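The values are calculated or read from the model by the stated rules, or taken from the named source; none is laboratory data. In this text, all values refer to a predicted model and were calculated from it rather than measured experimentally. Note: ideal-geometry Cβ built from the backbone for every residue, glycine included; neighbour counts use all protein chains shown. SASA here: full protein model, heavy atoms, side chains in, ligands and nucleic acids out. Shrake-Rupley method; radii C 1.70, N 1.55, O 1.52, S 1.80 Å.
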Amino acid sequence: MPVPIPSPFTPGALPHVLVGRVRERTRMGDLLARVATFGELAGPPVVLHAPRGLGKTSLLRDTEDRARELGFVTAWVACAKGSPMLTELASSVRRALVEAEVLDDRSTKRVLESIAVEFAIFGVSLSTEFATAPAGAEPPPAAIGGMERVLHEAAVAVRARGGAGLLVLIDELHAAPYAELGVLLNVLQNLAGRRAENPLAVMTAGLPSTPEMIMRAATFGERSEFIGLERFDEADSRRVLEEPAGAASVGWARAALDAGLAIADGNPYLLQLVGDSTWQAAGPEAGDVLELDDVDAGSDGMRGQLAAMCRARWDSASELEQAFLSAMAEYADEIVPRDHIATTMGRESRAISVPRARLIDRGVIEAAGRGRLRFTLPGMGAWIREFQAG
Ligand SMILES: Nc1ncnc2c1ncn2[C@@H]1O[C@H](COP(=O)(O)OP(=O)(O)OP(=O)(O)O)[C@@H](O)[C@H]1O
Ligand SMILES: [Mg+2]
């Protein structure tokens, strides 16, 4: 009996086939090549920003894979609300050096020891003095100097062993403690002053609030390289559905593909979710074709998942933000003029800028041209209408 093929789709996990993102991959590849070729700093930090589910983490992981092939040692940190970032970064760098066996002779052992010492010093100064400092306080020089030495010595040690350099990847940067972000930016600014001595690249990702947060954390933060990720166009959306299935010799009927594309509306997470739920419903074998019926049969499970995501976004909104979202939901079109929202809420257009900014920062809504907004999760408008009706 033929064995059913496990789903090749990956909602919420790294994709088996990374589609598109050509411009972004080229740019990140160029920056890595600069470090590898010239042994110098790649430039200001890269900041990928986009609402949830658009592929930031996938792109960072892809960059990490490519960097390793080029001979980089890579250190990864995922920030979380309320957890320190810099001590986590220092230990991640240290772990990466140990794993890459960069630190197995005597001179490099010294680096390891100095990292341990710096780690202790700035770890303490961050957690005691700095954590209790008033907002806007200057970052402690000990922390900046310590982190600077950690990154410098690690990058130089990698290079001295014939490696390309050090790649630091920081995901969920919007969740980093604000003060620590200031320290990190100061460190990178100092390292840029001696770029030829620092074979290093720093690439980060976060929600749409991240660029603004960086610019507030340090004046020179604005020199970071900001790259916004967009939804997929139709051609790339098709590839997200077709290529993983095709690799298992399973096709999509035209009507099924069109239905899937309409549901996902270019959102990479939703494309993976549609693909996966359709696959689960069909249980295809090699040579089969996924039909419209399979999309329909899969859509119950998918709707449950989507409803849970809408619910979480709705529950995390304040009362005023919920009023804003309701006003958006009742508009007939997916793209909602700001004036309509203000009128529905009975306010001046200017008076709704605070909830608007907060919702954009959290990636719940996004700008869609001048004075227009839309939900980042397709189907959220319909969910709100149903929720309020029921
Ligand atoms: N280039 C791509 N090709 C195919 N699938 C992708 C691509 N990028 C992302 N995906 C899929 O989209 C979903 C979201 O990707 P990812 O986790 O990278 O997004 P994210 O922007 O980091 O989201 P979050 O803000 O929630 O962390 C995953 O299911 C992933 O498999
Ligand atoms: Mg992510």
*Taking the chain as a Gaussian network, where each spring joins two C-alpha atoms under 10 Å apart, which residue of A36, A286, A201 fluctuates the most?*
A286
*Once label points are set 7 Å from the Cα along Cα→Cβ at both K81 and R347, what is their separation, rounded to one decimal in nm?*
2.1 nm
_Distance between modelled label sites at H16 and F220, nm, 7 Å Cα→Cβ extension_ = 4.6 nm
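If I take all pairs of Cα atoms in segment 195-347, what percentage of them are more than 25 Å from each other? Could the numbers behind the result be given before it?
On the way: 6151 of 11628 pairs.
Summing the P(r) tail past 25 Å for segment 195-347 gives 53 percent.
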*Relative contact order for the chain: what is it in percent, counting Cα pairs under 8 Å that are at least 6 residues apart?*
21 percent
*How large is ³J(HN,Hα) for each residue in segment 60-69, as worked out from phi by the Karplus curve 6.51 cos²θ - 1.76 cosθ + 1.60 (θ = phi - 60°), to whole Hz, x for Gly and Pro?*
5, 5, 4, 5, 4, 4, 5, 5, 4, 4
_Using DSSP to call loops (not H, G, I, E or B), can you name the trypsin sites (Lys or Arg not before Pro) in segment 193-226 whose Cβ has at most 14 other Cβ atoms within 10 angstrom?_
R194
_Could you work out [θ]222 nm for the chain from helices alone, using -39500 (n - 2.57) per DSSP H run of at least four and dividing by all its residues? Round to the nearest 500 deg cm²/dmol._
-17500 deg cm²/dmol
*Return the long-range amide H neighbours of I365 (sequence gap of 5 or more, or a different chain), with a cut-off of under 5 Å between placed amide H atoms.*
I360, T376
*Using a Gaussian network model of the chain whose springs link C-alpha atoms within less than 10 Å, name the residue from V364, V354, V187 with the highest mean-square fluctuation.*
V354
*Between the alpha-carbon centers of segment 328-364 and segment 1-76, tell me the distance in whole angstrom.*
34 Å
*Using only Cα atoms, find the angle between the long axis of helix 106-125 and the longest principal axis of the chain, and express it within 0 to 90 degrees, rounded to the nearest 10.*
70 degrees
*Label-point separation (nm) for A357 and E212, each offset 7 Å from Cα along Cα-to-Cβ?*
0.5 nm
*Hey, in the GNM for the chain with a 10 angstrom Cα cutoff, which one of D288, D65, D333 fluctuates hardest?*
D333
*Rounded to 5, the percent of DSSP beta bridges in the chain classed as antiparallel*: 20 percent
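How large is the accessible surface per residue of segment 210-256, computed with a 1.4 Å probe and reported in Å² as a whole number? Display every interim value, and only then the final one.
Working: 2300 Å² over 47 residues.
I get 49 Å² per residue for this part.
Could you tell me the calculated FRET efficiency between A33 and A175, based on Cβ-Cβ distance and R0 = 30 angstrom, to the nearest 0.05?
My answer for the efficiency is 0.50.
Would you mind calculating the gained length between S316 and E64 on full extension (0.36 nm times residue separation, minus the Cα-Cα distance), in nm to one decimal?
Working: separation 252, 0.36 × 252 = 90.72 nm, distance 3.24 nm.
So the extension gain works out to 87.5 nm.
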*Under 17 Å from the 7 Å Cα→Cβ point of A389, by amide nitrogen: which residues of segment 324-362?*
326-334
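Give a quick list of trypsin sites (Lys or Arg not before Pro) in segment 1-92 that DSSP marks as loop, anything other than H, G, I, E or B, with at most 16 other Cβ atoms within 10 Å. Kindly include the intermediate steps, with their values, before the conclusion.
On the way: sites: R21, R23, R25, R27, R34, R52, K56, R61, R66, R68, K81; in loops: R21, R52, K81.
Those satisfying the criteria are R52, K81.
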_Taking a ≥ b ≥ c as the square roots of the Cα gyration tensor eigenvalues, with a/c under 1.5 meaning rounded and otherwise prolate when a/b beats b/c, else oblate, which class fits the chain?_
oblate
